[in-house]
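Below is one structure; the comments refer to it alone.
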Amino acid sequence: MQAQLETLSALERRLSIAVPREEISKQVDARLKRVAKTAKIDGFRPGKAPLKVVFQTYGFRIQEEVLGETVERSFGEAVVAQNLQVAGYPRFEPKETAEGGDFEFAATFEVYPEVQLGDLTGVELQKPTLTVGDAEVDQTVNILRSQRTRYERVERAAADGDRVIIDFKGSIDGEVFAGGSSENYAFLIGKGQMLPDFEAGVVGMEEGETKDVTVNFPAEYHGKDVAGKTAVFAITVKNVAAAILPEVDAEFAKSLGIADGDVAKMRAEVKANLEREVRFRLKSRVKESALTAVIDATPIELPKSLVSMEIGRLVEGAQGDLKARGIDPATVPFNPALFEAQAKRRVHLGLTLSELVKAEKLEATPEQVKAIVEDLAQNYEDPAEVVAWYYASPERLAAPTNMALEDNVVEFVLSKAKVTEQAVAFDELMGQQ
């Protein structure tokens, strides 16, 4: 076998490989003889057909198999001989040769970039902080109360926060338009479920009342047929119901899983769960900042093949999420370009972290993995059962192992960086603004 390497760009390479025709012919002949021993061909007993007849029947398939295996084997041998680290999948192209000449092909591929880790000394990072106190517990309890809201019919005008049930029919220039009518439609006033003009028109209406409400559709409205136009809706209010929140009492505590209804126990459990969630979110923010610092400090050229493969994984993941929600992915167009930035970040991070972990010996320890598994298990009713599930199969430990590895990277970055603590608002951290 002969192999010649060409450098096409910073990461792209081409290997031109020639394999002696005699070597391929020997493999084809040997395999043909093995097949001939058991070949079933019409007019001959099994294994008794002449080799020429066997070749006419199976020769093309055997040649294709041998050539395919030769390409893979000789490419692998050439890669090892040239000490190349192939990124992604190569593109194989056969070359035209004289009859009886050597079998020649070219393999075009990318190699992994050389990663030169940047200096993290003095990088400025902010570490968000938040202490969970009574105010945060009260706010969370109120959210839990609102999730258990019930509505009672009232004999008064509709106001902000009420649930109303209405019939409506919309028209533009006197013509009823598609999608602008409904009966027994329920919505909450003040929650942004309807356009502002529509909600403002319903406020002050009483059960049984009908009136026309003028609504201006925004120019960027998702319904292109009505975007930027003015419609008149004939609205009839059929029911007005006020929101009734449960009292913070024993029954409420029981609804949250406190068997004896002790409100103090309920608040303690809410606080513990809240502290765990806050700790997770603070940690996630610090990790994001630290990993971004690693990327920014280590610019590298990314193999297009790896980015393309990562985009494919992200698209598959998004399609899987839709399937899990009962939505046919075929009905939702996916533009791979939308995933490109995320894919590039993942590839960049993977290449950089791999080098950093190796250079600084930041591999995860069994103790770290166990601590993460036990912490994850606390979110379930039977933590011991969850821990046992993780350790029942080595593959299940991959995720917590990666989490431990990332924790080590973050700690390393923080040890090098200039870190300043910054208090963060509860609403902002929890995404309630």
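The values are calculated or read from the model by the stated rules, or taken from the named source; none is laboratory data. Keep in mind that this is a model prediction, so the values were computed, not measured. Cβ coordinates were reconstructed from backbone atoms using ideal geometry, including for glycine residues, and neighbour counts include every protein chain displayed. The accessibility values were calculated without ligands, DNA or RNA, using every heavy atom of the protein model including side chains. Shrake-Rupley method; radii C 1.70, N 1.55, O 1.52, S 1.80 Å.
What do you reckon, is Asp427 open to solvent by 30 Å² or more (accessible area, probe 1.4 Å), more than 30 Å from Glu360 (Cβ to Cβ) and part of a helix (DSSP H, G or I)? In short, yes.
Checking each residue in segment 173-218 for being in contact with a Gly (Cβ under 8 Å, 6 or more places away or on another chain) and among the hydrophobic types (A, V, I, L, M, F, W, C) picks out Val176, Phe177, Leu188, Ile189, Val213, Val215, Phe217. Of all residues assigned to segment 18-41, at least one qualifies as being open to solvent by less than 30 Å² (accessible area, probe 1.4 Å) and touching an Asp or Glu at 6+ places or on another chain (Cβ under 8 Å).
Being among the β-branched types (Val, Ile, Thr) and within 30 Å of Gly101 (Cβ to Cβ) is the filter here, so list the residues in segment 1-54 that pass it.
Looking only at segment 1-54, we keep the residues that are among the β-branched types (Val, Ile, Thr), and these are 7, 17, 19, 24, 28, 35, 38, 41, 53-54.
Selection gives Thr7, Ile17, Val19, Ile24, Val28, Val35, Val53, Val54.
Only one of the numbered conditions (1) without any contact (Cβ under 8 Å) to a residue 24 or more places away in the chain; (2) under 30 Å from Phe198 (Cα atoms) is not met by Arg91, and that is (2).
Selection over segment 362-402 of residues that are closer than 18 Å to Thr352 by Cβ and open to solvent by less than 70 Å² (accessible area, probe 1.4 Å) gives a count of 2.
What strands (runs of 3 or more DSSP E) completely inside segment 52-166 contain at least 2 residues that are open to solvent by 70 Å² or more (accessible area, probe 1.4 Å) and touching a strand residue (DSSP E or B) at 6+ places or on another chain (Cβ under 6 Å)?
By residue number, 86-94, 124-129, 150-153.
Among the residues of segment 335-349, those identified as open to solvent by 40 Å² or more (accessible area, probe 1.4 Å) and either in contact (Cβ under 8 Å) with a residue 40 or more places away in the chain or in a helix (DSSP H, G or I) (or both) are Pro336, Ala337, Leu338, Glu340, Ala341, Gln342, Lys344, Arg345, Arg346. Residue-level analysis places Glu183 among those that are out of contact with any helix residue (DSSP H, G or I) (no Cβ under 8 Å at 6 or more places or on another chain), surrounded by fewer than 13 Cβ atoms within 10 Å (Cβ to Cβ) and at negative phi.
The set of residues from segment 196-225 being of a type in the set (A, V, I, L, M, F, W, C) and modelled with pLDDT of 95 or more comprises Phe198, Ala200, Val202, Val203, Met205, Val213, Val215, Phe217. Residues in segment 9-59 that are of a type in the set (Lys, Arg), more than 23 Å from Arg73 (Cβ to Cβ) and in contact with a Gly (Cβ under 7 Å, 6 or more places away or on another chain): 1 in all.
Every listed requirement among (1) open to solvent by 30 Å² or more (accessible area, probe 1.4 Å); (2) in contact with a helix residue (DSSP H, G or I) (Cβ under 8 Å, 6 or more places away or on another chain); (3) assigned to a loop (DSSP other than H, G, I, E, B) is met by Gly47 save one, (1). At least 3 residues being open to solvent by 20 Å² or more (accessible area, probe 1.4 Å) and farther than 24 Å from Arg145 by Cβ is the threshold, and among the helices (runs of 4 or more DSSP H) wholly inside segment 230-333 those reaching it are 263-297, 304-324. The set of residues in segment 192-229 being part of a helix (DSSP H, G or I), open to solvent by less than 80 Å² (accessible area, probe 1.4 Å) and free of Cβ contacts under 8 Å to residues at least 24 places away in the same chain consists of Asp197, Glu199, Ala200. Take Phe177 and tell me if it is touching a Ser or Thr at 6+ places or on another chain (Cβ under 9 Å) and either part of a strand (DSSP E or B) or modelled with pLDDT of 95 or more (or both). Judged against the criteria, Phe177 is a match.
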